[in-house]
Amino acid sequence: MKMALALAEKGRGWTSPNPMVGAVVVQQNTVVGRGFHEAAGRPHAEVNAVEDAGAHARGATLYVTLEPCNHFGRTPPCTEKILAAGISRVVVAMEDPNRSVAGGGNDRLAREGVRVDVGICRDDALRQNEAFVKHVTCGRPFTVVKCAATLDGRIATRTGDSKWITGEASRNHVHRLRHAADGIMVGIGTVTADDPSLTARPADSPAKDPERFILDTRLSISTSARVLRLDSIAGTHIICGDSAPRGQRQKLEAAGAKILEAPESEQGIALDPVMDMLGEMGIQSLIIEGGGRVIGSAFRERIVDRVCFFYGPKILGGDDGKPICGGTGPARLADAVSIRNIRVHRFEDDVMVEGDVDKNNFEIRISKCETNSNDPNSKF
């Protein structure tokens, strides 16, 4: 199953809206077939593994990271391929959380006499497809806040200078994170100050660009901004308030932008309803890259699932630089956002602290999941 999980990882960034899935066929303790889901619309992992095994699949065991599908989508049901190949046993890491499709892959196989075992490396499989699981159960994207800061917690100097706080290795990893995400979000302040492209450009592998989302309450973005002049399949969406000028909207649409309207809050665009909007658009995973005002709002509105904070070996030494989070924070430390499952990664001289937002956020997300889920009693 660990081998199957490693194979599934090869599809990261390419399979959405489908999950990443890996499969391994074993005959008499020998691996005879391997496969993974390479991209949406391509054959599923089970099909690739069974075809790789050929005649050796008959009587063999199939290890797969997600319950085989039993419905027609863009590809035929995997259960049919498994049964036709004569697989005698299927070991599944996790059940399919998508109860809105005509599923029952495990049940179908069991009815046909195939031995089915479920739960091997379930936690690893759940983590691998956490964005898919959250989206199909909650209807909202799995949201990561990423920032690059000095050791004293500043993302830019008082003049807005931020190039570069971290080194090339860290920035390359950020491009891999962008490739893995369906969407990326920044505020208009970041666009005005940095004129970013918000594309995925890792140095060591091909990549796809995420959909770009710009929070711009009054549609003040320039029609010459780089995000509107990209040769990219991914679109640029500008999220504004209902009071945004109509004339500016028409200019931006003519420049290729897609305009979305969202409710406003005291801080600007209200991010919580935006998450529902993005979920309806099929955005399963979202990276919020700032600036400080947007990051602060994301934590206050409890929409964050994970943090990836990069720290470069620099200290500004003053209190006038731009902080990671803008706006007003809590009065009590007890009300701070807590992070768990801390992982620390090193990129040359930089350090990335990665962690999951604790139950203060998790309980809110669970309540939304129970509201939106087709099966509120599901373990997902």
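The values are calculated or read from the model by the stated rules, or taken from the named source; none is laboratory data. All of these numbers come straight from a predicted model, not from anything done at the bench. All Cβ positions, glycine included, derive from the backbone under ideal geometry; neighbour counts span all protein chains shown. For the accessible areas, the whole protein counts, side chains as well, though only heavy atoms, and no ligand, DNA or RNA atoms are used. Shrake-Rupley method; radii C 1.70, N 1.55, O 1.52, S 1.80 Å.
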### Task
Can you tell me which residue within the range 202-214, out of those that are under 17 Å from the mean Cα position of the chain (by Cα) and not in a loop (DSSP other than H, G, I, E, B), is nearest to G187 (Cα to Cα)?
F213
### Task
Restricting attention to strands (runs of 3 or more DSSP E) lying wholly within the range 66-182, give those where 2 or more residues are under 30 Å from C325 (Cα atoms).
142-149, 154-156
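Filter the range 9-49 down to residues that are of a type in the set (V, I, T) and within 25 Å of the chain's Cα centre (by Cα) and give me whichever is farthest from P202 (Cα to Cα). So that I can check it myself, show each step before the final result.
Residues of the range 9-49 of a type in the set (V, I, T): 15, 21, 24-26, 30-32, 47.
Right, trim to within 25 Å of the chain's Cα centre (by Cα) and you get 15, 21.
Numbers: T15: 18, V21: 23 Å.
By that ranking, first place goes to V21.
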### Query
Quick one: how many residues across the range 263-295 are over 20 Å from the mean Cα position of the chain (by Cα) and touching a residue at least 24 places away in the same chain (Cβ under 8 Å)?
8
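From G22, G33, G41, G11, grab the single residue that is more than 21 Å from L109 (Cα to Cα), of a type outside the set (V, I, T) and surrounded by 15 or more Cβ atoms within 10 Å (Cβ to Cβ).
Working: G22 fails: more than 21 Å from L109 (Cα to Cα); G33 fails: more than 21 Å from L109 (Cα to Cα); G41 fails: surrounded by 15 or more Cβ atoms within 10 Å (Cβ to Cβ).
Going through G22, G33, G41, G11 in turn, just one is more than 21 Å from L109 (Cα to Cα), of a type outside the set (V, I, T) and surrounded by 15 or more Cβ atoms within 10 Å (Cβ to Cβ): G11.
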### Looking only at the range 235-289, and only at residues there that are open to solvent by 10 Å² or more (accessible area, probe 1.4 Å), aliphatic (A, V, I, L, M) and part of a helix (DSSP H, G or I), the one that is nearest to G327 (Cα to Cα)
M277
### Task
Collect the residues in the range 88-143 that are touching a helix residue (DSSP H, G or I) at 6+ places or on another chain (Cβ under 8 Å), among the hydroxyl-bearing types (S, T, Y) and free of Cβ contacts under 8 Å to residues at least 40 places away in the same chain, keeping them in residue-number order.
none
### Summary
Here the residues within the range 44-60 that are open to solvent by less than 20 Å² (accessible area, probe 1.4 Å) and within 21 Å of D182 (Cβ to Cβ) are A45
### Message
Please go through the range 321-357 and give me each residue that is in contact (Cβ under 8 Å) with a residue 60 or more places away in the chain, in contact with a strand residue (DSSP E or B) (Cβ under 9 Å, 6 or more places away or on another chain) and charged (D, E, K, R), ordered by number.
### Response
K322, D350
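If you check T199, T192, T223, T217, which single one turns out to be surrounded by fewer than 23 Cβ atoms within 10 Å (Cβ to Cβ), out of contact with any Pro (no Cβ under 6 Å at 6 or more places or on another chain) and in a helix (DSSP H, G or I)?
On the way: T199 fails: in a helix (DSSP H, G or I); T223 fails: in a helix (DSSP H, G or I); T217 fails: in a helix (DSSP H, G or I).
The unique qualifying residue is T192.
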